[in-house]
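Working notes for the structure below.
The values are calculated or read from the model by the stated rules, or taken from the named source; none is laboratory data. Small disclaimer: the values here were computed from a predicted structure and weren't measured. Glycine gets a Cβ as well: all are built from the backbone with ideal geometry, and neighbour counts include every protein chain shown. The protein model used for the area step is the full one, side chains on, heavy atoms only, and it has no ligands, DNA or RNA in it. Shrake-Rupley method; radii C 1.70, N 1.55, O 1.52, S 1.80 Å.
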Amino acid sequence: MKKLLIISLMLFTYAYSSAQEQQRTAPATPQPVDPNRMTPGMTEIWDPEVKIITPGAKDSDAPSDAIILFNGSDISSEWADNKGNPSKWIVQDGSLISVRGAGVIKSKRKFSNFQLHIEWKTPSEVTGESQGRGNSGVFLQELYEVQVLDSYNNRTYRHGQAGSLYKQHAPLVNNSRKPGEWQSYDIIYTAPTFNNDTTTYYTPPRVTVLHNGVLIQNNVSLRGPTEYIGIPEYFIKKHGPASLVLQDHGNPVAYKNIWIREL
Ligand code: MG
């Protein structure tokens, strides 16, 4: 009987002290604040201060936190061919020009999420039609093509024209300049995440594109890697950070002022 009394006392002491402990550590229940008694400072957050960078002189110029991928002269420090050898693309008058048969040019750095600025120009001498006119492309993470094409008075399938996410999303409008004129893309890219099976996305890649300053892709989701033939989702394979790739499609398309900000 005495033993039972002692055990009961111990249990009571434990229960009492843990209740006390809970009372001390339990988060305070937020109390509603009367809006009439609030001051402006109660909703101001000051720290940490937002990182300060220096903007370019023009909106198309790289800000101070950008990585310059092409500055008008040197290609070998940031770019190589598909096998990692020096690229056969040429530099002329400050621009980087695709050479038929040279294959793609690939950034040596690999990226995940980013903001990319890139300017491009299709040949002023118009030859070919549809997909055969001024075709190149900006491949995000080596897999997802933002189409580069002379789409000025040049009909092709709608999700294959300039600014399309090739064969997946047509641009919202065709804001193309004439062949031989410089154009720009500003691309915001969110890399995909993967399910454990490695062949399906947990979150798909997402892309926003401004073409010559105009929004043409508004945070669209991709179904899978860009495919010329076949259904994109059949070709999904888990990947991490990857290069930026510019396409050689046989037309001498020029690029300049390429910079990227990792996000
Ligand atoms: Mg292309």
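Values for this structure:
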| quantity | calculated |
| --- | --- |
| Conditions (1) within 13 Å of the ligand (Cβ to nearest atom); (2) under 16 Å from ASN113 (Cα atoms); (3) small (Gly, Ala, Ser): number failed by ALA191 | (1) |
| Pairs where the first residue, in segment 147-167, is under 14 Å from ARG133 (Cα atoms) and the second is assigned to a helix (DSSP H, G or I) and within 11 Å of the ligand (Cβ to nearest atom), C-beta under 8 Å, 6+ apart | GLN147/GLY160; LEU149/GLN131; LEU149/GLY160; THR156/GLN131; GLY160/GLN131 |
| Members of segment 154-189 that are within 25 Å of PRO225 (Cβ to Cβ) and of a type in the set (Val, Ile, Thr) | THR156, ILE187, ILE188 |
| Residue that is at pLDDT below 95 and in a loop (DSSP other than H, G, I, E, B), where the choices are PRO86, PRO63, PRO27 | PRO27 |
| Of all residues making up segment 101-157, the number that are part of a loop (DSSP other than H, G, I, E, B), away from the ligand (no atom under 14 Å from the Cβ) and aromatic (Phe, Trp, Tyr) | 1 |
| Restricting segment 246-258 to residues that are open to solvent by less than 10 Å² (accessible area, probe 1.4 Å) and within 18 Å of TYR189 (Cβ to Cβ), the residue that is farthest from the ligand (Cβ to nearest atom) | ILE258 |
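Okay, residues lined up against (1) open to solvent by 30 Å² or more (accessible area, probe 1.4 Å); (2) farther than 13 Å from ASP248 by Cα; (3) within 23 Å of the chain's Cα centre (by Cα):
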residue: ASP65; (1), (2), (3): yes, yes, yes
residue: ASN71; (1), (2), (3): yes, yes, yes
residue: ASN82; (1), (2), (3): yes, no, yes
residue: LYS88; (1), (2), (3): yes, no, no
residue: LYS106; (1), (2), (3): yes, no, yes
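Matching residues to (1) open to solvent by less than 10 Å² (accessible area, probe 1.4 Å); (2) among the β-branched types (Val, Ile, Thr):
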| position | (1), (2) |
| --- | --- |
| ILE118 | yes, yes |
| GLN141 | yes, no |
| ASN153 | no, no |
| THR156 | no, yes |
| LEU165 | yes, no |
